[in-house]
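The values are calculated or read from the model by the stated rules, or taken from the named source; none is laboratory data. Because the structure is a prediction, the values reported are computed rather than measured. So basically every Cβ, Gly included, is an ideal-geometry build from the backbone, and we count neighbours across all protein chains shown.
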């Protein structure tokens, strides 16, 4: 392609709103600080809400310019979350023992990011579903509980998805 063709192509792409995924930021310029208080947990899954809020906080710190603060009354915006449901159920059974060999975790959460000064909702997801699978060893001597590692992976995946969703208004 000629130099003139490359210039034309680049100007067309710039004009059409094309951007690399994960790089845009559609939040108002007035937002500099965000508070992410502990999520409300409506389930019986212990500490999952803390893990999610922590993972989302780490993701914001790693991928954005926003300062994350602890006091919602001092922040420009507040991200609130509620874990609505949490379920785990077997998906694969060992034919020899009849025990579960694979388990699926499913969680549903509700999220909202609100500009504190105006009360304007900048982002709202009333029902956000996430899934994670893990395997269970059927050998009693090799058994190792994978639930904690699966919850950690699920929290990181949720954090990446939530941040991209907020920044890119999906």
Qualifying residue in segment 56-67 (condition: within 21 Å of residue 165 (Cα to Cα), over 14 Å from the mean Cα position of the chain (by Cα), in a strand (DSSP E or B) and without any contact (Cβ under 8 Å) to a residue 40 or more places away in the chain) = yes
message = Can you find, within segment 126-152, the residue that is modelled with the lowest pLDDT among those that are crowded, with 16+ Cβ neighbours inside 10 Å and under 21 Å from residue 59 (Cβ atoms)?
response = 150
key: Single condition residue 124 does not satisfy, out of (1) part of a strand (DSSP E or B); (2) in contact (Cβ under 8 Å) with a residue 40 or more places away in the chain; (3) over 18 Å from residue 153 (Cβ atoms)   = (2)
remark   = Filtering segment 75-102 for residues that are modelled with pLDDT of 95 or more and surrounded by fewer than 13 Cβ atoms within 10 Å (Cβ to Cβ) leaves a count of 0
message = So, residue 74, is that one in a strand (DSSP E or B) and over 16 Å from the mean Cα position of the chain (by Cα) or not?
response = no
